[in-house]
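Novice: There's a structure below that I have some questions on.
What follows draws every value from the coordinates through simple rules; no lab data is involved. Keep in mind it's a predicted model, so treat the numbers as computed, not measured. Methodologically, a virtual Cβ is constructed for each residue, glycine included, from the backbone with ideal geometry; neighbour enumeration extends over all protein chains shown.
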């Protein structure tokens, strides 16, 4: 296992060392300490690495992740796992706004709460939040699944496309074109699998499902000003 102390090394040096493993693959497990809330830690990884980050991180941690398993033993700032393609990002604490923004694949797990716009414009990833999500979560989300074990803020799923949202707690309000939908055995099976993969011991039957009413797909002249 390779250990990097960010009080002694820069984030640029850390990321370069992680990227260099593409050619060597001699160290698959990495421990990162003394993060001090710095931004852009462990970004752009594209191989099967296990990175444990001990401390709070700033903006865009694990952005553009591919294949790697990144664990943040603390809180994460804005845009954690932004544009992730595959792999897993696990935040043990809370995450700020835009968690999993535009992510195409992979799994984002947040043990605590997330801020506003969680999963904004997500394009195929799965996000499991064990706490609450803020307002405008899944705004313009196109594909993938958001699971919320707590409550959801205002305008949930505003202008979403084919993303599926499961919420166990209360929803403050639904956004434009987002409606509650029936939960079938097929949905329960998928939800159970997602919850298990995130280590969440929740009963799938207690969740409600939300999705697009598909009324915004085409232009309607009555909506024009």
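Novice: Round to the nearest 0.05 the FRET efficiency obtained for residue 19 and residue 172 when R0 = 41 Å and r is the Cβ-Cβ distance. Could the numbers behind the result be given before it?
Specialist: Details: r = 41 Å, r/R0 = 1.01.
In this case the efficiency is close to 0.50.
Novice: Using just the alpha carbons, could you tell me how many Å³ per residue the convex hull of the chain encloses?
Specialist: So the per-residue Cα hull volume is 122 Å³.
Novice: Separate question: Helix 185-197 versus the longest principal axis of the chain: what angle, 0 to 90°, nearest 10, using Cα atoms?
Specialist: 20
Novice: Just report the Cα centroid separation between region 96-120 and region 140-197, whole Å.
Specialist: Using only Cα atoms, the two centres lie 13 Å from each other.
Novice: Kindly rank 7-17, 44-54 from highest to lowest mean number of other beta carbons found within 10 Å of each residue.
Specialist: Ranked by mean Cβ neighbours within 10 Å, highest first: 44-54, 7-17.
Novice: Have a look at the DSSP beta bridges in the chain and tell me what percent are antiparallel, nearest 5.
Specialist: Approximately 15 percent, going by the DSSP bridge assignments.
Novice: Quick check: the distance between the Cα centres of region 68-92 and region 14-65, to the nearest angstrom?
Specialist: Between the Cα centre of region 68-92 and that of region 14-65, the gap is 10 Å.
Novice: Full extension from residue 185 to residue 27: what is 0.36 nm times the residue separation minus their Cα-Cα distance, to one decimal in nm? Could the numbers behind the result be given before it?
Specialist: Working: separation 158, 0.36 × 158 = 56.88 nm, distance 4.27 nm.
52.6 nm is the gain from fully extending residue 185 to residue 27.
Novice: I would also like to ask the following. Can you tell me the convex hull volume per residue for region 118-172, based on C-alpha atoms, in Å³ to the nearest whole number? Kindly include the intermediate steps, with their values, before the conclusion.
Specialist: Values: hull volume 2.7 nm³, N = 55.
Given the Cα convex hull of region 118-172, per-residue volume reads 49 Å³.
Novice: Using every pair of alpha-carbon atoms in region 70-201, split the distances into 10 Å bins beginning at 0 and state the percent of pairs per bin, rounded to integers.
Specialist: In order of increasing distance, the bins hold 15, 52, 31, 2 percent.
Novice: May I pose another question? Mind checking the angle between helix 11-24 and the chain's longest principal axis? C-alpha axes, 0 to 90 degrees, to the nearest 10.
Specialist: Approximately 80 degrees, to the nearest ten.
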